[in-house]
Structures are given as structure tokens and as C-alpha cells.
1. Collect the residues in the stretch B:287-333 that are of a type in the set (Val, Ile, Thr) and either under 16 Å from residue B:358 (Cα atoms) or touching a Lys or Arg at 6+ places or on another chain (Cβ under 7 Å) (or both), keeping them in residue-number order.
2. Which fully enclosed strands (runs of 3 or more DSSP E) of the stretch B:1-115 have 3 or more residues being touching a residue at least 40 places away in the same chain (Cβ under 8 Å) and not β-branched (Val, Ile, Thr)?
3. Which residue is nearest to residue A:89 (Cα to Cα), if the candidates are limited to the stretch B:111-123 and must be of a type outside the set (D, E, K, R) and either touching a helix residue (DSSP H, G or I) at 6+ places or on another chain (Cβ under 8 Å) or at the interface with chain A (Cβ under 7 Å from one of its Cβ atoms) (or both)?
4. Among the residues of the stretch B:249-261, how many are within 11 Å of chain A (Cβ to nearest Cβ) and of a type in the set (Gly, Ala, Ser)?
5. Taking the stretch A:70-100 as the region of interest, how many residues are among the small types (Gly, Ala, Ser), on the phi < 0 side of the Ramachandran plot and in contact (Cβ under 8 Å) with a residue 12 or more places away in the chain?
6. Return yes or no: is residue B:142 touching a Leu at 6+ places or on another chain (Cβ under 7 Å), modelled with pLDDT of 95 or more, assigned to a loop (DSSP other than H, G, I, E, B) and within 11 Å of chain A (Cβ to nearest Cβ)?
7. Would you confirm whether or not the stretch B:256-277 contains a residue that is in contact with a strand residue (DSSP E or B) (Cβ under 7 Å, 6 or more places away or on another chain) and closer than 20 Å to residue B:201 by Cα?
8. When the residues of the stretch A:40-68 are filtered to those that are assigned to a strand (DSSP E or B) and touching a residue at least 40 places away in the same chain (Cβ under 8 Å), which remaining residue is farthest from the other protein chains (Cβ to nearest Cβ)?
Amino acid sequence: VSDVDARPYREALERGELVIQRCEACGTLQFPPRVICVACGGTPGWTAVGGRGRVYAATICHRPGAPWLADDVPYMVALVDLDEGVRLLARMHCECSELEVIGRPVRAVVARDARGEPTVGFELEDAAG
Amino acid sequence: MSATHVPDTAIVGVAESELGAVRDQHALRMMAQAAAAALAEAGLRLTDVDGVMTAGFPTDTAAVDVAEYLGIRPTFMSSTDTGGSSFELHVAEADLAIGAGLCSTVLIVYASTQRQDRSRSLDGPTEPDFTFAAQYERPSGLLWPVGAYALAAARHMHEFGTTREQLAEVAVAARAWAQRNPKAFRREPLTVDDVLSSPPVSSPLTVADCCLVTDGGGAVVMTSRERAATLRCRPVDVLGFGAHSTHANIVTAPDLVRTSARASGRQAFAMAGLSPADVDVAEIYDSFTITVLLSLEDLGFCEKGEGGSFVSGGRIRPDGDFPLNTSGGGLSYCHPGRLGLLLLVEAVRQLRGEAGDRQVPGARTALCHGTGGVLSTSATVLLGSST
């Protein structure tokens with residue numbers, strides 16, 4: 001019950017898709033999901049997004065943020081502004097520094113993390129391969 | 001929105017608890033020791049206190065539990081918790097409650113034994129699994145809270161050309177002040193190169209960009225200015241205050257480099273009828289070096305994006321022309337998880353002229369600015385010597 005707001009988001013990730021909320025009354029896009037639209041108080045529905053955006057900020061974690069990340073260190077985490085206008089916090093898969101990656105175009109990649117959970121990450125649009 | 005309130009209270013006593021690395025202590029004992037010392041400064045006793053405020057004490061009814069340990073039966077209490085900025089907000093609450101006649105003498109108190117307990121981790125607190133933090137932040141692996149501040153630092157460097165050296169200067173200046181404070185936890189010399197070559201934690205921030213993890217706490221006693229004038233102490237007047245919150249989790253922060261310090265500071269200055277140029281000494285929350293640059297800009301001490309150049313050239317070091325974090329701050333003096341109360345203690349000592357080797361000559365107006373969470377909350381207090 002405790003993840004009821006997130007259930008459609010998680011179910012979409014299980015299918016390899018990324019969805020965010022779109023208010024059925026006013027059309028405002030919203031992330032993270034809530035039971036109401038914070039713009040108008042209306043009821044949000046869900047809409048698939050393309051997963052393309054730009055890096056707003058990034059950092060390289062040199063210590064694990066949780067025990068299950070111990071083998072991943074160092075790894076990059078970024079705030080990504082999706083083209084649709086919402087912001088996500090996610091793993092950023094690239095070899096560059098945290099300063100080099102800011103402002104660059106990225107695309108979402110849904111994959112299972114070290115816990116086996118489907119999780120959204122990002123990679124550079126123009127990354128080779 | 002602009003407040004029409006005119007503060008009419010004063011701080012009449014301040015004290016630190018035991019600081020640094022304590023042994024065989026707990027938070028209630030340390031709060032009691034600080035409370036007794038702060039009340040003694042004011043010539044007051046525990047039985048005179050009818051308002052109790054605290055935050056960061058690990059029970060749901062924090063102020064009630066603290067009051068019980070101190071033997072106080074308060075008519076006004078607050079466990080308002082906005083993280084590190086809580087105690088600046090408590091000054092506002094205390095001024096309003098005293099002004100409304102709900103209580104006459106307020107004790108604001110805090111202590112933590114987090115170093116002794118080894119309780120601070122980079123995983124962040126454990127929250128219920130329906131929170132945004134659990135659902136949309138933890139899976140990314142972001143360190144908490146340092147990762148959020150590192151994101152802000154990277155964005156500041158990207159947007160304004162701020163350099164690693166400029167960030168490091170905040171830590172170096174704090175250490176230079178700490179060398180003048182016998183109570184400071186870290187007093188050995190620190191250079192910009194030392195900061196840059198410290199182990200990275202969450203790039204671009206290194207260990208030396210991060211505040212200490214120490215035990216510690218303190219107490220502040222407030223009453224009306226009218227009553228303060230009858231006490232055998234040197235009151236420090238509350239001149240203005242403000243607060244603002246923009247988010248709790250970094251994923252919903254509207255902007256990482258334009259913070260809630262703007263609205264908080266603007267409200268405090270307007271209430272006091274003062275401007276940044278009137279401030280003689282500034283005590284600004286330094287959880288991380290970037291926190292200080294953002295706050296200096298957003299409080300109006302320099303233009304947006306110019307925090308890096310503002311702190312350069314020794315301006316914020318001792319003998320520079322902008323006395324900042326004169327105790328050594330959270331970076332070098334003490335950071336018991338929530339620094340906001342100790343900012344008030346140092347500001348009051350500066351305004352009373354009691355700061356010893358680190359005294360800012362002629363300091364008459366001080367700013368205390370607390371930051372809570374992950375750049376989530378701000379609370380600003382302006383204080384003035386009444387002599």
C-alpha cells in the first residue's frame with residue numbers, strides 16, 4: 001500500500017517504459033507522482049515520455065549511497081530535465097567528469113540495478129556505441 | 001508578502017554544551033548543562049522559564065521531553081524542525097510567543113552526541129517507503145546530504161564559472177578563524193591545496209568541503225526587551241527574522257543555485273529596517289563550502305554568481321573586511337548535526353565584545369543564517385547590541 005502513488009511508475013519500469021503524471025483537468029505534467037495535481041488540485045493520469053532530456057547537475061559518488069552499491073563506486077548521479085519539463089534524479093552512465101556532463105543531451109535507459117529492481121538511468125545521446 | 005511585525009525581544013543568555021568528542025554523555029545531560037549556563041549568564045533560573053523550544057531530539061514530542069528533564073512546565077513549547085535552520089526559526093517563534101504574552105522567558109536548546117554514537121552516515125536517514133526520498137532518490141545512489149550539495153556546487157561551477165579554489169577558500173578561512181577559538185575542534189593549518197587534495201566524497205566536493213561530525217550543543221535564553229533591561233546581563237536585541245522553504249528533497253528543488261535564503265533574508269532585513277551593508281559580522285551555516293557561497297549571494301552580500309570572487313583575496317579570513325563564521329563554523333569549530341544554535345551563540349558573543357582573540361572590533365549588528373535539509377529551508381535572524 002505504501003507505494004500506491006508510485007505503482008504505475010514502477011509497473012511501467014517493469015515493462016521498460018518511463019511514465020510521468022499528467023493532470024486530467026489542467027494538463028500539467030508532474031513528477032514525483034502524487035494523489036493530486038499540485039497546480040490545480042485535479043486528478044493526475046499517466047503519460048509515457050520519450051526519455052530525452054539534458055543534464056541539469058551531476059556528481060560522482062566516491063562512496064556507496066547504500067550497501068548494494070558498494071561494487072559500483074565511483075558512479076555518477078545526475079538531475080536530468082526531460083524535454084517534457086520534469087526533473088528526475090538518476091544514475092548517469094558515462095565516463096566524463098561531473099562538470100563535462102552538465103548541459104549535454106541524454107536519453108533514458110531502463111535496466112535492473114544491483115538489487116534487481118527496474119530503475120531508470122541515463123546515457124549520453126552522442127555516446128559512441 | 002511583507003511582514004508588519006516589529007520584534008521586541010532580546011537574547012539574555014547563551015552557552016555551549018560540552019563540545020567536540022564527548023564521553024559518557026547524552027543529549028539531555030548536555031542540553032541541561034548548556035541551559036544552566038545560559039540562564040546563569042542572564043541571572044535567571046530554570047523556574048523562570050515558561051517556554052521551551054528544541055529540534056533534532058529523537059522523540060516525537062521533543063520539547064515536552066526536554067522540558068521534563070529540565071523540570072520545566074512550559075506554557076509555550078515548540079518542536080518545530082526545519083533541520084539545521086530550526087533554531088533561527090525558534091527565535092522567530094519565541095519573539096512572537098513572548099510578544100503575544102503566551103510566555104515570558106524562552107529556552108531554545110539543542111545537543112547531539114552523534115560523534116560518540118557514530119550515528120551520522122552517508123546513506124541518509126531511514127524514512128517511510130512512501131516518501132519521495134525512498135521512491136525517487138535512494139535508487140539513484142545519491143549520498144545524503146553531501147550529494148545534493150555536490151550537485152549544487154557542480155551547477156554553480158557550470159553556470160557561473162566558480163572554481164574549486166574559490167570553494168576551498170571557505171574552508172581555509174574557517175580554519176583560520178578556528179585557530180583563534182580555543183574551543184574549535186580542528187585548529188591545525190589548512191591550505192587551499194590541502195582542501196583540493198583531500199579525498200573526494202561526492203565530486204566536486206572533497207572531505208575538506210564538508211562540515212565536521214562532532215558532539216555538541218548549546219542554549220539561548222530570550223525574554224522581552226523590557227524584562228531584559230531589569231536583568232544583570234548585556235542583552236542582544238532581536239531586530240528581524242525571516243524563513244522560507246522551497247522543497248524537502250533535491251529532486252523537487254526549483255533551482256539549485258537560487259535558494260530560499262533570498263526570501264528569508266529579504267524578510268529579515270525588511271523587518272529590521274537594515275540592509276546587508278549594515279552587517280558587521282555574519283554567521284552563515286557552513287554545512288558545506290558551497291552552502292556559504294549560495295547564502296552570501298542570496299542574502300544580498302554580493303550579486304548572484306559572484307560568491308566565489310567575493311570570498312577570494314582573504315576577505316572572509318580574520319583581518320579581512322567581511323568577518324564570516326568567526327567561531328570557525330561547522331567546517332572547523334563544531335558541527336553537531338544541526339549548527340543553527342551555535343551560530344546564535346557566536347553572534348551574541350561578538351555583539352557583547354566577548355569573543356577574545358577572534359573579536360570583530362566594534363561589532364554592533366550580526367546576521368545568523370541557518371540552512372536545513374538539502375538547501376531545503378532557510379531561516380535568518382538579525383541581532384543588534386543594545387548598548
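The values are calculated or read from the model by the stated rules, or taken from the named source; none is laboratory data. What you are looking at is a predicted structure, and each value in this text was computed from that prediction instead of being measured. With ideal geometry, Cβ positions are generated from the backbone for all residues, glycine too; neighbour counts draw on all protein chains shown.
1. Those that are of a type in the set (Val, Ile, Thr) and either under 16 Å from residue B:358 (Cα atoms) or touching a Lys or Arg at 6+ places or on another chain (Cβ under 7 Å) (or both): B:316, B:326.
2. Of the strands (runs of 3 or more DSSP E) lying wholly inside the stretch B:1-115, those with at least 3 residues that are touching a residue at least 40 places away in the same chain (Cβ under 8 Å) and not β-branched (Val, Ile, Thr) span B:9-16, B:105-112.
3. Among those residues, the one meeting the criterion is B:122.
4. 1
5. Within the stretch A:70-100, residues that are among the small types (Gly, Ala, Ser), on the phi < 0 side of the Ramachandran plot and in contact (Cβ under 8 Å) with a residue 12 or more places away in the chain number 3.
6. yes
7. yes
8. Looking at the filtered set, the residue picked out is A:52.
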